[in-house]
Amino acid sequence: MPSPVFYISGHGFGHASREVEVINTFGARRPDAAIFVRSAVSPELLQRTLRVPYTLLPGRCDTGVVQTSSVAHDDEATMREAIAFYESADARIAEEAARLPPAIDLVVGDIPPIAFEVAGRRGIPSVAIGNFTWDWIYEGYAGLTDRAPWLVPVIQRGYRQATLALELPFAGGFDVFPDVRRIPLVARHASRRPEDTRGHFGLPPGRRAALVSFGGYGMPDLDLAALDCLGSWTIVTTDRSAGRPGPRPAGVVRVDERAFLGTGFRYEDLVAAVDVVVTKPGYGITAECITGDTAMLYTSRGAFREYDLLVREMPRYLRTRFISQPDLFAGRWGEALDALVRQPPAPEHLPADGAAVAAEVMLELLAPGPAEHERRRDVAQDEPS
């Protein structure tokens, strides 16, 4: 019985959302697998999205970036937490290696560097999946090298122990891995027809709709009543992106996240059912907009190296348009939304079957080679009949 453990960064929802697809695909192919998830990501997110049995081992396995809101970072706190976490990297790795269940035979990391050192200590293969590495992100932080010149090398030491790295589109930093294979987009795909999703969530037919999507932090400072587009657009929010407290303005549909439990509808269905997603660029929501053929109205998200890469590459595969944070929070959306839906389709297509490719790689690494077959045969011969 295969027993993989998935180390998933708790930074944002993007790492978890794509690994959910890999886990679901792998679990469907090997329903006998005992799947473990090691992460600080919201247990509720996993409960809503994983469709196969799993065991959660909660806790931080990296520090990522400290956010003060959905669209701003605290660089000083980011550096401080990263330094404190990796100062004790050796002790953490030893503890992780000791605490994992003995049956674990594969480590998959998206993309905490300690995951691959743990695999090395346990003598089992490991797979890195991601579109950026944390050393690549931290290299861009002014002053970090002066304060902790050892930090980036410690992270790179972990990545170099990965058996194989699967590089997703929109990638940076993968030259650190000794063996890299490029794979297609890993993304959640809508499973319901847009008209069925709109009907289920009460979106008026025949009217443009935009979904406000800003991850776990939401947009509590957003004044939905001030939006200048409510006369011609339906604005869809979830609990996390509901804006300021108060009566819901006409033209705003609020979706309770509990509505996704046990209904057969998922968040990616909602993404594919609207005309535009209003968001900040991140891998997860970008991938879902691409697979759902949904346009993206995006704002800046602070100094984060992935942002520039995504902004440069997204227009090849997706209709996008920028809105400044002042315009976003002042509610000046109408002109940008109308212009965005008039844009022509994106010029290129991006394959999005990366979850299937990743699952196949995992199965290949779990398949015993000739030496392991021989060892098992010898063990079986030595057992009493």
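The values are calculated or read from the model by the stated rules, or taken from the named source; none is laboratory data. Predicted, not measured: the structure shown is a model, and the values here were computed from it. Please note: Cβ atoms are built from the backbone with ideal geometry, for glycine as well, and neighbour counts cover all protein chains shown.
Quick notes on this one:
- Filtered by the rule that a residue be touching a residue at least 40 places away in the same chain (Cβ under 8 Å) and assigned to a strand (DSSP E or B), region 297-328 gives a lone residue, Leu297.
- Hey, Pro204 buried (at least 21 other Cβ atoms within 10 Å of the Cβ) and modelled with pLDDT of 90 or more or not: no
- Residue list for region 119-132, filter: touching a residue at least 60 places away in the same chain (Cβ under 8 Å) and crowded, with 24+ Cβ neighbours inside 10 Å: Val127, Ile129, Gly130, Asn131
So that you can scan it fast, the table gives a plain yes or no per residue for (1) part of a loop (DSSP other than H, G, I, E, B); (2) of a type in the set (D, E, K, R); (3) under 13 Å from Tyr7 (Cβ atoms):
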| residue | (1), (2), (3) |
| --- | --- |
| Tyr86 | no, no, no |
| Asp90 | no, yes, no |
| Glu96 | no, yes, yes |
| Ile104 | yes, no, yes |
| Val108 | no, no, yes |
| Glu117 | no, yes, yes |
| Ala128 | no, no, yes |
| Asp135 | no, yes, no |
| Pro153 | no, no, no |
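- Members of region 221-241 found to be closer than 25 Å to Leu310 by Cα and modelled with pLDDT under 95, listed by number: Leu222, Thr237, Thr238, Arg240, Ser241
- Criterion violated by Pro184 - all others in (1) in a helix (DSSP H, G or I); (2) surrounded by fewer than 21 Cβ atoms within 10 Å (Cβ to Cβ); (3) in contact with a Pro (Cβ under 6 Å, 6 or more places away or on another chain) satisfied: (1)
- Unique match (being hydroxyl-bearing (Ser, Thr, Tyr) and under 30 Å from Val357 (Cα atoms)) among Ser232, Ser191: Ser191
- Considering region 57-68, the residues that are in a strand (DSSP E or B) and crowded, with 16+ Cβ neighbours inside 10 Å include one that is nearest to the chain's Cα centre (by Cα), namely Gln67.
- Ala82 surrounded by 20 or more Cβ atoms within 10 Å (Cβ to Cβ) and either assigned to a loop (DSSP other than H, G, I, E, B) or not acidic (Asp, Glu) (or both): yes
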